[in-house]
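The values are calculated or read from the model by the stated rules, or taken from the named source; none is laboratory data. On a predicted model such as this, the values are computed, not experimentally measured, just so you know. Cβ: placed from backbone, ideal geometry, glycine included. Neighbour counts: every protein chain shown. With ligands, DNA and RNA removed, areas are computed over all heavy atoms of the protein, side chains included. Shrake-Rupley method; radii C 1.70, N 1.55, O 1.52, S 1.80 Å.
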Amino acid sequence: MVTKNRKGCPTLEILVLVCVAFLLLLLGVPIGMALCSGLISIAFLYGSINLKFIAQAMFTGQESLPILAVPCFILAGSIMETGGLSVRLINVARKLTEHTSGGLGTVTILSCLFFGAISGSSPATTAAIGSIMIPYMVKAGYDRTYSTGLTSVAGSLGIIIPPSIPFVIYASVTSASVGKLFIAGIIPGFLVALVLMAVHIYIAKLKGYVDKKPKCSTKELFQAIWEGKWALLMPIIILGGIYSGVFTPTEASVIAIAYGMIIGLFVYKELKLRDICNIFQKTASFVGGFMLAYAPACALGSTLILLGLTNKISAALLGVTDNVYVILTLVVVFLIIMGMFLDTVSCLVVFGPILYAVLLPMGIDVIHLGVIMIICLAVGFVTPPVCMNIFIASNMTKIPVEAIAKKALPFIIALGFVCLLIAYFPQISLLFVR
């Protein structure tokens, strides 16, 4: 317990907190420890917060019921990947698009869209689809670095298309409806996929990656869909159950686990009992790391609100302009920059409540803001220095991160364009919500 009562300048406290945290991040300290160190530093230097407040904020931030869905959806995605669902989704995507110009690249994007609907995770989507599709594309004559960059960017669909883990996190810190967020992410997810496909097809024709295959027959297409029907049904069951009120998002995550185990064990028979222990172990390790970042981020968010950052941001934005489109542009740029340095969980937990408090009086819907945040932060998965997707793809292909990021640049620019489009036109996100 800190006993100091001297009150410092809130602006100076925020500056000290941010500087300490970023300095430690640059030194390679894990983000949770860096955030805690920043909080503890201002607790000892100033008297506006103390260690008890930090501990309570870390604890209460995890008491949200929707946050229980996060480890369950992560576990469900791992089970479905091991159980053979990802291979069948890729087969459906191949039958749909392999005959087009640059077909295998389009297959990769579409496969990431499908797999994102069962994993909810961008890194998991990149790893699962990349391990299969990158060798296919290289064998077909694609540049290896380009194939890796394309897969890295397409993997960002994993957190946009529902059920999305970041949507659950955003809902837990803003009290937004998880079901409505999932529904709101459908059209933006398909829009991102279409834009990525358009960019890829243009580059494929420019570079000569025209790997046209004979168009499959209707019988072959329906056969692929029939073989992958259990994988394709999962998001329909989950989203349909949530939106119809049959079960809550947290209950849906548990149903997803049970569904994946039944299909993997008894239908596709590719999931073995010995695999389940390994899956649980890997998921527990991932969730442990997730909570070590989530809890300090909750405390940081509460501290920044206590120090009046919400009012400062609101005053700064209104001091620049009262035009909502200019304000949304500034928010998009800010989120993309933050996503370059902080992981998605920390950004959502810290800035979600703050931006919600700032933008709600301006008429920005909480669901619309959630979609904006998720898509902007999805860019962070492929923009250095964090760029988690590129690091994962680099580990798979042994290609330097810088080379992959260079090839991914046209797709990153396209993602930025989509961020602005979705920010300016809320109807894209809210069409099926209201």
Test: residue in region 82-92 that is under 17 Å from Ser253 (Cβ atoms), in a helix (DSSP H, G or I), among the aliphatic types (A, V, I, L, M) and open to solvent by less than 10 Å² (accessible area, probe 1.4 Å): yes
Which of the numbered conditions does Lys219 fail, given that it passes all the others? Conditions: (1) more than 28 Å from the chain's Cα centre (by Cα); (2) farther than 30 Å from Ala414 by Cβ; (3) touching a residue at least 12 places away in the same chain (Cβ under 8 Å). (3)
Any chance you could count how many residues in region 215-228 are open to solvent by 50 Å² or more (accessible area, probe 1.4 Å) and either part of a helix (DSSP H, G or I) or hydrophobic (A, V, I, L, M, F, W, C) (or both)? 8
Residue ID - surrounded by the most Cβ atoms within 10 Å (Cβ to Cβ), chosen from residues in region 32-71 that are under 17 Å from Leu12 (Cα atoms) and either of a type in the set (Lys, Arg) or within 27 Å of the chain's Cα centre (by Cα) (or both): Leu35
Within region 99-119, restricting to residues that are part of a helix (DSSP H, G or I) and hydroxyl-bearing (Ser, Thr, Tyr), the one that is farthest from Ala378 (Cα to Cα) is Thr106
Six or more apart or on different chains, Cβ atoms under 6 Å: show the pairs whose first residue is in region 279-301 and open to solvent by less than 20 Å² (accessible area, probe 1.4 Å) and whose second is of a type in the set (Gly, Ala, Ser) and in a helix (DSSP H, G or I). Ile279/Ser78; Thr283/Ser78; Ala293/Gly32; Ala293/Ser346; Pro296/Gly32; Ala297/Ser346; Cys298/Ala57; Ala299/Ala57
Among Leu273, Leu265, the single one that is without any contact (Cβ under 8 Å) to a residue 24 or more places away in the chain and on the phi < 0 side of the Ramachandran plot is Leu273
Can you pull out the residues in region 219-239 that are closer than 19 Å to Gly77 by Cβ, out of contact with any Lys or Arg (no Cβ under 9 Å at 6 or more places or on another chain) and not aliphatic (A, V, I, L, M)? Pro235
The residue that is nearest to Gly308 (Cα to Cα), considering only those in region 60-81 that are in a loop (DSSP other than H, G, I, E, B) and among the small types (Gly, Ala, Ser), is Gly61
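Identify all residues within region 42-59 that are assigned to a helix (DSSP H, G or I) and touching a Cys at 6+ places or on another chain (Cβ under 9 Å); write none if there are none. Spell out how you get there, then give the answer.
Filtering region 42-59 down to residues assigned to a helix (DSSP H, G or I) leaves 42-45, 51-59.
Hits for region 42-59 are Ile54, Ala57, Met58, Phe59.
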Determine if region 206-214 includes at least one residue that is touching an Asp or Glu at 6+ places or on another chain (Cβ under 6 Å) and not in a helix (DSSP H, G or I). yes
Qualifying positions in region 130-179 - closer than 27 Å to Lys407 by Cβ and small (Gly, Ala, Ser): Gly130, Ser131, Ala140, Gly141, Ser147, Gly149, Ser152, Ala154, Gly155, Ser156, Gly158, Ser164
If I filter region 254-273 for residues that are open to solvent by 40 Å² or more (accessible area, probe 1.4 Å) and at pLDDT below 85, do I get at least one hit? yes
For region 179-209, enumerate the residues that are surrounded by 14 or more Cβ atoms within 10 Å (Cβ to Cβ), among the aliphatic types (A, V, I, L, M) and closer than 27 Å to Asp143 by Cβ. Leu191, Val192, Ala193, Val195, Leu196, Met197, Val199, Ile201, Ile203, Ala204
Would you call Lys406 open to solvent by 60 Å² or more (accessible area, probe 1.4 Å) and at pLDDT 90 or above? yes
If I go through region 312-338 residue by residue, how many of them are open to solvent by 70 Å² or more (accessible area, probe 1.4 Å) and β-branched (Val, Ile, Thr)? 3
Val358: passes all of (1) under 27 Å from Leu318 (Cβ atoms); (2) at pLDDT 90 or above; (3) open to solvent by less than 20 Å² (accessible area, probe 1.4 Å) but (2)
Going through region 120-145 one residue at a time, which ones are under 13 Å from Thr108 (Cβ atoms), touching a Phe, Trp or Tyr at 6+ places or on another chain (Cβ under 7 Å), part of a helix (DSSP H, G or I) and of a type outside the set (A, V, I, L, M)? Thr125
So which residues in region 168-178 are crowded, with 21+ Cβ neighbours inside 10 Å and not in a helix (DSSP H, G or I)? Ala176
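Inside region 121-140, can you point out the residues that are open to solvent by less than 10 Å² (accessible area, probe 1.4 Å) and closer than 26 Å to Pro71 by Cβ? Before you say what the answer is, go through the steps one by one.
Residues of region 121-140 open to solvent by less than 10 Å² (accessible area, probe 1.4 Å): 122, 125-126, 128-130, 133-134, 137.
Of everything in region 121-140, those that are open to solvent by less than 10 Å² (accessible area, probe 1.4 Å) and closer than 26 Å to Pro71 by Cβ turn out to be Ser122, Thr125, Thr126, Ala128, Ile129, Gly130.
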